[in-house]
Amino acid sequence: MSSAERAATVVAAARALVGVRFRLHGRSAATGLDCVGLAAVALERAGHGGAVPTRYGLRLSRTAPVEQWLREAGLRPVEDAGPGDLALVRPGPMQLHLMIVVPGGFVHAHAGLGRVVEMPGGSPWPVLGWWRPGEGPA
């Protein structure tokens with residue numbers, strides 16, 4: 001699968017998950033997803049596999065463990081984001097969050113709204129980094 005096809009598949013998979021309920025540590029559209037689960041499911045549907053962390057809470061201040069997981073999951077940091085990439089953002093002083101870039105905005109698991117949503121426009125939170133799936137399954 002070309003990188004453009006992979007990106008389009010990730011975007012389509014993310015958008016197909018809009019409306020799924022939020023559940024911390026959720027890894028299934030049937031039972032709920034958090035931001036990590038959303039990214040894992042969307043990437044998996046695009047043929048990308050990789051390690052998915054299970055031990056984390058809603059509060060996390062250090063970026064190093066998240067960046068390490070992203071690398072272990074076969075993603076690489078990039079300077080400029082495109083559709084299908086992940087944004088690592090900081091919504092609050094003790095929070096980190098992943099969102100999937102889609103044309104015109106982001107898809108993410110919104111804990112406050114209790115579901116996966118598509119949000120238009122730029123990130124309302126500081127972006128700490130952009131991450132892209134590698135060329136093959138991790």
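List of remarks:
- Global form of segment 1-86, assessed from the alpha-carbon gyration tensor, a/c cut-off 1.5: oblate
- Using θ = phi - 60° and Karplus 6.51 cos²θ - 1.76 cosθ + 1.60, couplings along segment 18-27 (whole Hz; Gly, Pro as x): 4, x, 5, 5, 7, 8, 4, 6, x, 10
- Of M99, M119, the order by accessible heavy-atom surface (1.4 Å probe, DNA, RNA and ligands excluded), from most exposed downward, is M119, M99.
- Vicinal HN-Hα couplings computed from phi for segment 99-105 (Karplus, 6.51 cos²θ - 1.76 cosθ + 1.60; Hz; Gly/Pro x): 10, 9, 6, 10, x, x, x
- Rounded accessible area of E44 (nearest 10 Å², 1.4 Å probe): 140 Å²
- Note that segment 39-125 presents 49 Å² accessible area per residue, ligands and nucleic acids not counted, probe 1.4 Å.
- Residue-span extension gain [M119 to S2] - 0.36 nm each, minus C-alpha spacing: 39.5 nm
The values are calculated or read from the model by the stated rules, or taken from the named source; none is laboratory data. Since the structure is predicted, the reported quantities are computational estimates derived from the model, not experimental observations. All accessible areas refer to the heavy atoms of the entire protein, side chains included, with ligands and DNA or RNA removed. Shrake-Rupley method; radii C 1.70, N 1.55, O 1.52, S 1.80 Å.
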